[in-house]
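These notes are about the structure you will find just below.
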2 protein chains.
Amino acid sequence: MATIDFWFSIGSTYSYLTVMRLPEVQRTTGATFRWRAFNVRRVMIEQNNIPFRDKPVKAAYMWRDIARRAERYGLSPKLPAPYPLQGLVLANQIATLGAEQGWVEAYTRATYRRWFEAGEPAGEEPNISASLGEIGCDPAAVHAAAQSERIADALDAATDEAMALGIFGTPTFAVGREIFWGDDRLDDAILWQTGAIR
Amino acid sequence: MATIDFWFSIGSTYSYLTVMRLPEVQRTTGATFRWRAFNVRRVMIEQNNIPFRDKPVKAAYMWRDIARRAERYGLSPKLPAPYPLQGLVLANQIATLGAEQGWVEAYTRATYRRWFEAGEPAGEEPNISASLGEIGCDPAAVHAAAQSERIADALDAATDEAMALGIFGTPTFAVGREIFWGDDRLDDAILWQTGAIR
């Protein structure tokens, strides 16, 4: 089976659900995923798309909806989690480095768990060092490398690539040029990829 | 089984899916619905929530997502449908009258079908008269009654009631004070109502 591109930004609330349940989805469906970090904040600013920050009623629903879905997936978040993230760019620069070095999935899951289950914002201390230490990375070395111009450029290039696909939010699943937005469209993306829907 | 409140505004794009598939959902699940029209545009203006009008990338995805879902439900819309609707308020005043007189569901389905499948905007001619005629109503009499102060007030009161429930968009399904937003949360609302999820 071909691989589905999982476009995410650490900083997205609904992506918590996807990040945490993807191992189980892989196990039960055989689907495989390529983890693609991008900067959803830049996309949203360019597209004048502010989903929650100035919309308290919609934001309250979002947390309730995540709580219900999390319970179904056997997750135990402490909600609402700190939002929005100050360190969104750094968090995703680290993920970009992790994709090069093979630990993007482990890091992203570790940092989301601390953010959503311990109330420590991703992209800042103590979350960064604790998450990296937990997965066997050297926090100081990663921190420096992730802020290099090369990694910053790589994240920007990935963000451009996401926008070229028509991506405007996260999580988004891409099967070729067909995109599926939202944790609740993961099943559709898998069905599409297998040819079960068209 | 208790009745689920189906809060809708004629003018919502995703509500097309719900409006068209609800008979089948009722048949297969035994769920019943109370059709509650409200003015989602007033809610969105008050909450600074502009989902699509100034967001072309997100809007393009919305039409594609509706097309995929429509195909799954056996529907054949011509997309994109005319959007946004100029006659949103009148369309929902007619629905409010229809709820009093017992034809809200038939009218809403007829007007959505013409809007999404024949390209005739709901809330204006020829859609209004054709939809009302099709379901056996007198278009002139309904048109006059729907614009009465009493019906306008009833729609406003329903909109206030929706906002008091925390509703910010449509379709929304309410089970008591628990709300589920989006055609893709209809299954969750039914599961919640039966006690299968909590």
| note | For B:LYS55, the aspartates and glutamates lying under 18 Å Cα to Cα, once residues fewer than eight places off in the same chain are dropped, come out as A:GLU46, A:ASP54, A:ASP160, B:ASP65
| Antiparallel DSSP beta bridges within chain A, as percent of all bridges there, nearest 5 | 50 percent
| query | Measuring from label point to label point, each 7 Å out along Cα→Cβ, what is the A:SER148 to B:ASP187 span in nm? | reply | 4.5 nm
| field | For chain A, with +1 on Lys and Arg beta carbons and -1 on Asp and Glu, the positive-most of A:ALA157, A:TRP192, A:GLN47 along the dipole | value | A:TRP192
| task | Give the nm distances, rounded to one decimal, from B:ILE50 to the matching residue in every other copy, measuring between label points 7 Å along Cα toward the beta carbon; shortest first. | result | 1.1
| remark: Full extension between A:MET163 and A:SER129 adds, at 0.36 nm per residue less the Cα distance, a length in nm of 9.2 nm
| request: Using the 7 Å Cα-to-Cβ label point, sort the distances from A:TYR83 to its equivalents in the other copies shortest first and give them in nm to one decimal. | output: 2.3
| said: Just to be sure I follow: if Rg is taken over the C-alpha atoms of the protein assembly as shown and Rh is the Kirkwood radius over the same atoms, what is Rg/Rh? | reply: 1.01
| If you place +1 on the Cβ of every Lys and Arg, -1 on the Cβ of every Asp and Glu, and leave all else neutral, what size is the dipole of segment A:3-194 about its Cα centre, to the nearest 20 Debye? | 620 debye
| message | From the mean inverse distance of alpha carbon pairs (Kirkwood) and the Cα radius of gyration, derive Rg over Rh for segment B:33-74. | response | 1.10
| query | Do the sum for chain A: with -39,500 (n - 2.57) for every DSSP H run of n ≥ 4, divided by all residues, what is the mean residue ellipticity at 222 nm, to the nearest 500 deg cm²/dmol? | reply | -17000 deg cm²/dmol
| query | Can you give me the relative contact order of chain A as a percent, contacts being Cα pairs under 8 Å and 6 or more apart? | reply | 30 percent
| request: Tell me the distances, shortest first, between A:GLY119 and the same position across the other copies, using label points 7 Å along Cα→Cβ, in nm to one decimal. | output: 5.7
| note | Rh (Kirkwood, all Cα-Cα pairs) for chain B, Å, reads 17.0 Å
| To the nearest 0.05, how large is the calculated FRET efficiency for B:GLU24 and A:ASP156 if R₀ is 45 Å and r is the Cβ-Cβ distance? | 0.45
| In debye, nearest 20: dipole of the protein assembly as shown around its Cα centre with unit charges on the Cβ of K, R (+) and D, E (-)? | 500 debye
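Computed from the coordinates by the stated procedures, all read-outs in this text should not be read as laboratory data. Predicted model, so just to flag it, every value in this text is computed and none were measured. All Cβ positions, glycine included, derive from the backbone under ideal geometry; neighbour counts span all protein chains shown.
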